[in-house]
Structure formats: structure tokens, C-alpha cells
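So the structure is just underneath, and the comments pick up after that.
The values are calculated or read from the model by the stated rules, or taken from the named source; none is laboratory data. Bear in mind the structure is a predicted one, so any value in this text is a computation, not a measurement. When we count neighbours, we look across all protein chains shown, and the Cβ atoms used for this are built from the backbone with ideal geometry, even at glycine. For the accessible areas, the whole protein counts, side chains as well, though only heavy atoms, and no ligand, DNA or RNA atoms are used. Shrake-Rupley method; radii C 1.70, N 1.55, O 1.52, S 1.80 Å.
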There are 4 protein chains.
Amino acid sequence: MTERRRPKVIGVMGASSCDAQVFHTAYQIGRLIARRGAILLCGGLGGVMEAAAKGAKHEGGLTIGILPGSSERESPPNSFIDVAIFTGMSDARNAINVRSSDVVIALWGGYGTLSEIALALKIGKPVVLLHSWTFEISPRPPSARIIIAQTPEEAVEQAFALIE
Amino acid sequence: MTERRRPKVIGVMGASSCDAQVFHTAYQIGRLIARRGAILLCGGLGGVMEAAAKGAKHEGGLTIGILPGSSERESPPNSFIDVAIFTGMSDARNAINVRSSDVVIALWGGYGTLSEIALALKIGKPVVLLHSWTFEISPRPPSARIIIAQTPEEAVEQAFALIE
Amino acid sequence: MTERRRPKVIGVMGASSCDAQVFHTAYQIGRLIARRGAILLCGGLGGVMEAAAKGAKHEGGLTIGILPGSSERESPPNSFIDVAIFTGMSDARNAINVRSSDVVIALWGGYGTLSEIALALKIGKPVVLLHSWTFEISPRPPSARIIIAQTPEEAVEQAFALIE
Amino acid sequence: MTERRRPKVIGVMGASSCDAQVFHTAYQIGRLIARRGAILLCGGLGGVMEAAAKGAKHEGGLTIGILPGSSERESPPNSFIDVAIFTGMSDARNAINVRSSDVVIALWGGYGTLSEIALALKIGKPVVLLHSWTFEISPRPPSARIIIAQTPEEAVEQAFALIE
């Protein structure tokens, strides 16, 4: 018997509130991910997370939200989340977000997003950055796989290229 | 705009290895859960978790596995898991299992299952026990919702009754 | 160079509120642990945790509290905690309590305590029960090290015997 | 009755391996922290964490290590840790490191350290950077308290100034 293949999981990380342009970009990313048959994983809240989930649902994709709270009441998922995982771990759930994604796309973002980028790189998970953080240190740790994209199309294209 | 309704999530907890009879019972539970349109959530490993996921997939249901390891390599999901969440938290993930389930069915089980029963009751989540742990203390903590079922059919029936 | 020996860590688990008799018993346990030079670890809250920490401080011992909240404001440690670890993980911190203890003493307790007993046994950590939960399943998982004590003196004596 | 004051906790974050110069700087930071009566908290491993703990012990301070593994065997604490907390959460323990520190000093560091800086800033915890990461985004999230220090003396001085 051959092993059953699970779909790829693309994590989209970004701030829980954002302006209309970032929202639209995240929505586009969500659409493109679902169109290629991957599962969208995000933090389950508003802003970039909501926009990406909304885009994925528009294309009939499956959406996973890894929530910070212990319950629906503590951290209500946005309306476009199919499966809500209530971690009750607050920001420590950021580590679960990146572990459960095959590749991470970070779009703009606050310090939570920066932590997710760093946690992903720490465990060797590839990261695609779109209008997001830059970070430098000397000497830089080796071997991180970081791609800088300029458009949502390029971000999703590169994300799939990194895991195929 | 009305809120989008997510499907109910039924958690099935049990040991990662089991005999053929327990496996068959867990399989039946998984089938019945999926047939009623709920998502099956489990710990993603073998034994009761695999059997329940296999049953749910037989009926075309959606299955979630909350894994103890940080990656596929550290804790390979069983072949019937659609969405694998890699927590990297070992047994501390048991708290996430019960937080993310609307109701928990415990089938037989080891000490990990006992911890899940206890964590569920701690946060007021209802629990259905089938051939599982008994536990007593005097005085007993108030207000836990515990149902003792005798068959897989009764277990699933009671689980849905508790959350509808 | 020889390895530096850290002191033994004894975890005392019990409910966050309790009557005067249980409080006094926990206080005695704390005193006896500190008198033997071990560190007292607990959940950092009130009830049994506060009583045990108070007893340990009365003997000049060191006390560690593993708190459920993310900050002092979310979960204020009791007044007898020297080192407060803010996990921000709610009940999932119960796994950390037992992992960080060399042996666990459970005194009476609610469902949180039952989860700690189970998590300890799951990872092979020895447990001493004093007026606490009884739990049965058939067949019972093998090889758990469980001692039933009748007095605080016996509980502490047995706890040290299990790890020396 | 007045509340008992716990000592301040200073977190020192940095890579688990480092060159002799960084080691010496971390050692100095540890000495200065203990000399001022604060508890040193770190990730409990080698490199910067070991050096800072060694410095603190040289001055008779108390040292806490928040370890990634579930047990001594999985992640042995360095020889200068007084209290070892075994989280079993791998890098997700980085969130606990910053929650349990009143202020964070980051010295050089890899991606794990970058995640700790970001997690600290996310929850409004002040951060002192010494030869560590720079990070930029436009627009930058508001109100983070970040100090850039040039020497171990200045780093510790600023850390205490931020919390007094």
C-alpha cells in the first residue's frame, strides 16, 4: 500500500490589522494558494489572516486557523476559517504555525510576524517575504532559505517552488 | 451579514496502540462522526487515533491530527489524517486536543488519555467515556459533564446530544 | 571537572483552593521538602500550591511557581514563590510542572491535579498520592510508579525514596 | 500584610554556541546582573546562555534555565543552571523565556534570539540589544522599547534602568 499524500500547507503570516492595500494583497495570496490545491494555514485572526482565508475560501480551498486563545470566546476565528485550533498559548502558538506549514509567506507584519519568520528560519523552514521585515546581523547564521518577492503572484510562485 | 458556521469538531482520544476489537470500535466511532457531518480531531498517531481517522475517511469526512512532534519526521501522522498540526510540544499538546474539540470521546486509553479526560473536565468540556478510565476523589469537583456509553453508537449519539 | 549537582526538585500538585486541613497538610509537605534540601515546584497559585510554598519558605527553601498566565497581572503568583515562570499556556503548563519535577506529590486535587498525575505517569515520572484521586482501567497500562501515602511525613519520605 | 517582593528577573538571550569574545561578554553580563541582586534567566543551553549563567554563579547569583527538551536527557542544562525548567516545547519555549523576564538582553544571536527579541517586543517587554540583530519594516509597529547598548556594562545598566 502506498502512503496517502496530504495536500501541501502554505502558512500566511501577517498582522491582525492592516490597510486596504495589504488586505487586497493577502486576499490575492489566499486565492492563488487555494487555486493550486494547497491548504491555507494562518493565525486565524483578522487583518492579513482574514484576508488570506477569505481569498482561499473564494476559490473553494481549505483554511486552518491556529488561534492564540483557549476557546472561541477567547479568540474568535475570522469568518473564513474552516478548522479552528485553539491552542490557549498566546504568541507561543507562532511556533506551531511555522511547524505546521511546509513554507511560510510573510506579508508586511508586526513583531508577531517577525517572530514567525525567525522561528521558521530557526528550524530550516523556507520563508518568502513580501513587503515585510528586513533583518541583519554580522556574522549572519548560515543556510537560511529566504526569498524576497515583489508581488502576490511571485510570492506564491516562489513558495510552491521551494517545496516541490 | 450572518456569521459563517463552522462544522462541529468531535475529539476521539485513545491509546496509540490497541487490539483488534478496540480498533474496530474506534473505526465505528469515526464513521458515525463523519456521517453526521462533524470533523474528527485526534492525536494523529496510531491505534485508536488511526482507527477513528480511517473510519471518518471511509465516510468522506475531514480529519485533523494534533501531533506531538515538530515535524513529519518526528511524529509521522497516520495515513488517514487530512490536516496535520505539528505542535512540537509532546504531551502538552493534549491540552490543545481538548480545547479544539467541542466534545471529547475517550475510548479505553492509557495515561495520555486520562490526562485528556482530566484536561477536558477542567475547562468544562463534556466527555463521553467508552470502556475507559474510572476515577474518583472525595469530595469530587463539581459540575463535570461526564457520560458513560456502552457502544460506539451510543457514544456518538451522546456526544452530539451534548453539543446541540 | 566534575558535573555540578543541581538540587532535587519535588513537585507538589493540588487544587488552587482548599479547606484548612488540606492547607495544613500541604504546608507540612512544603516544610519537609525544604528541610531535606530540595526545591519545591508548584503551579504558583493559591490553595495547596500556596500552602506548600509557605511551608518551604518557613524552612528557608527555594520555591518555583509555574504559572498559567503570561504575566504577573494575568496570574499573580502566591506570596511565597521565589521564582515565577509565566508560561501563558493555561492548563497546558501542567505538562511542564511534571517534566520539571523529579517526583510529584499529589494532595487531594481537582481535575487539573488529575491531569498532572496522568501526565507524570505517561512519561514515567513517579507519583505519590495523598488523599488524592483513584483511577482504574482494565487492562491497566504497565509499569507506572505510584505510591499511596497516608500522612505528609510518609508522602515526603516516599518521594525522596523514589528518586534517591 | 505587605506583598513579598520577588527579585527582578533579567533574561539573557543568545546563541547556543559562540566565539571566545562573545562568551566573555556574556560572562560579564551575567556577573553584573548577579551583582545587582537580580535573577538570571536564560535558555539553559551552551554558548551565550552558559557564559551568562557562569558569570552569575561567579557572583553567587541565582540562575534559571528554560530548556527546550522534556528532560535532562533530551536537553542537558549547562553546569551553571540552578533551576532547570523542562518545557518539552522546543523553540516554543522562547515565548516563556521572554514572558518570565522583566527585561531581555540580547547578545549577538541566531534566529532563535531574533524570535525572542520579536516575542518580547510583541508583548511590550523592553529589550536591550548588544551587537545583535537590526530589523526594519515600514511602517514600523509603534511603541516598542528597544535600547542599543555598546558594552556589557551599558547593557546591564540600561536593562535595570528600564525596569526600575
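Can you name the residue in region D:104-113 that is of a type outside the set (Phe, Trp, Tyr) and farther than 18 Å from D:Ile29 by Cα and is also surrounded by the most Cβ atoms within 10 Å (Cβ to Cβ) among such residues?
Top of the filtered list is D:Gly112.
Check region C:72-92 and report whether any residue there is of a type in the set (Val, Ile, Thr), closer than 29 Å to A:Leu67 by Cα and not in a strand (DSSP E or B).
For region C:72-92, residues of a type in the set (Val, Ile, Thr), closer than 29 Å to A:Leu67 by Cα and not in a strand (DSSP E or B): present.
Being open to solvent by 10 Å² or more (accessible area, probe 1.4 Å) and within 14 Å of B:Met13 (Cβ to Cβ) is the filter here; which residues of region B:55-71 pass it?
Selection gives B:Pro68 alone.
Restricting to region B:34-48, count the residues that are open to solvent by 10 Å² or more (accessible area, probe 1.4 Å) and at the interface with chain A (Cβ under 9 Å from one of its Cβ atoms).
Looking only at that region, the number is 0.
Over 18 Å from B:Lys122 (Cα atoms), within 14 Å of chain B (Cβ to nearest Cβ) and not in a strand (DSSP E or B): does that describe C:Gln21?
The answer is yes for C:Gln21.
Report yes if some residue within region C:151-158 is part of a helix (DSSP H, G or I), touching a residue at least 40 places away in the same chain (Cβ under 8 Å) and among the small types (Gly, Ala, Ser); otherwise report no.
yes
Of all the residues that make up region B:9-18, how many are part of a strand (DSSP E or B) and within 11 Å of another protein chain (Cβ to nearest Cβ)?
Residues flagged as part of a strand (DSSP E or B) and within 11 Å of another protein chain (Cβ to nearest Cβ) within region B:9-18 amount to 1.
Could you please give the count of residues in region B:30-75 that are closer than 26 Å to A:Ser101 by Cβ and out of contact with any strand residue (DSSP E or B) (no Cβ under 8 Å at 6 or more places or on another chain)?
Number of matching residues: 6.
Only one of B:Ala159, B:Ala52, B:Ala95 is crowded, with 24+ Cβ neighbours inside 10 Å, closer than 18 Å to D:Gly88 by Cβ, among the small types (Gly, Ala, Ser) and under 16 Å from the mean Cα position of the chain (by Cα). Can you tell me which?
Going through B:Ala159, B:Ala52, B:Ala95 in turn, just one is crowded, with 24+ Cβ neighbours inside 10 Å, closer than 18 Å to D:Gly88 by Cβ, among the small types (Gly, Ala, Ser) and under 16 Å from the mean Cα position of the chain (by Cα): B:Ala95.
In region B:97-134, how many residues are in contact with a helix residue (DSSP H, G or I) (Cβ under 6 Å, 6 or more places away or on another chain), farther than 15 Å from B:Ile163 by Cβ and part of a strand (DSSP E or B)?
Residues meeting the conditions: 3.
With A:Glu74, A:Glu116, A:Glu154, A:Glu164 as the choices, which residue is under 23 Å from D:Pro139 (Cα atoms), open to solvent by 20 Å² or more (accessible area, probe 1.4 Å) and of a type in the set (Asp, Glu)?
After applying the criteria, what remains is A:Glu154.
Suppose the filter is within 11 Å of another protein chain (Cβ to nearest Cβ) and in contact with a Leu (Cβ under 8 Å, 6 or more places away or on another chain); does B:Ile85 pass it?
Judged against the criteria, B:Ile85 is a match.
Table: residues versus (1) more than 9 Å from chain B (Cβ to nearest Cβ); (2) within 29 Å of B:Asn97 (Cα to Cα); (3) surrounded by 18 or more Cβ atoms within 10 Å (Cβ to Cβ).
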{"site": "C:Asp102", "(1), (2), (3)": "yes, yes, yes"}
{"site": "C:Leu121", "(1), (2), (3)": "no, yes, yes"}
{"site": "C:Ser132", "(1), (2), (3)": "no, yes, yes"}
{"site": "C:Gln150", "(1), (2), (3)": "yes, no, no"}
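Mind listing whichever residues of region A:135-148 are in contact with a strand residue (DSSP E or B) (Cβ under 8 Å, 6 or more places away or on another chain), facing another protein chain (nearest Cβ under 9 Å) and either open to solvent by 40 Å² or more (accessible area, probe 1.4 Å) or in a loop (DSSP other than H, G, I, E, B) (or both)?
Those that are in contact with a strand residue (DSSP E or B) (Cβ under 8 Å, 6 or more places away or on another chain), facing another protein chain (nearest Cβ under 9 Å) and either open to solvent by 40 Å² or more (accessible area, probe 1.4 Å) or in a loop (DSSP other than H, G, I, E, B) (or both): A:Glu136, A:Ile137, A:Ala144.
Checking the condition over 21 Å from C:Glu74 (Cα atoms) and modelled with pLDDT of 95 or more, which residue from D:Ala95, D:Ala106, D:Ala120 passes?
Checking each option against the conditions leaves just D:Ala106.
Please state which one of D:Arg6, D:Arg31 is without any contact (Cβ under 8 Å) to a residue 12 or more places away in the chain and either away from chain C (no Cβ under 12 Å) or assigned to a loop (DSSP other than H, G, I, E, B) (or both).
D:Arg6
Would you be able to say whether some residue in region C:96-106 is acidic (Asp, Glu), out of contact with any Gly (no Cβ under 6 Å at 6 or more places or on another chain) and over 17 Å from C:Leu45 (Cα atoms)?
Checked region C:96-106: at least one residue is acidic (Asp, Glu), out of contact with any Gly (no Cβ under 6 Å at 6 or more places or on another chain) and over 17 Å from C:Leu45 (Cα atoms).
Can you name the residue in region D:97-141 that is touching a residue at least 40 places away in the same chain (Cβ under 8 Å) and among the acidic types (Asp, Glu) and, of all such residues, is farthest from D:Val156 (Cα to Cα)?
Only one residue fits best here, namely D:Glu116.
Can you name the residue in region A:49-71 that is more than 10 Å from every other protein chain (Cβ to nearest Cβ) and assigned to a loop (DSSP other than H, G, I, E, B) and, of all such residues, is nearest to A:Thr25 (Cα to Cα)?
Filtering first and then ranking leaves A:Glu59.
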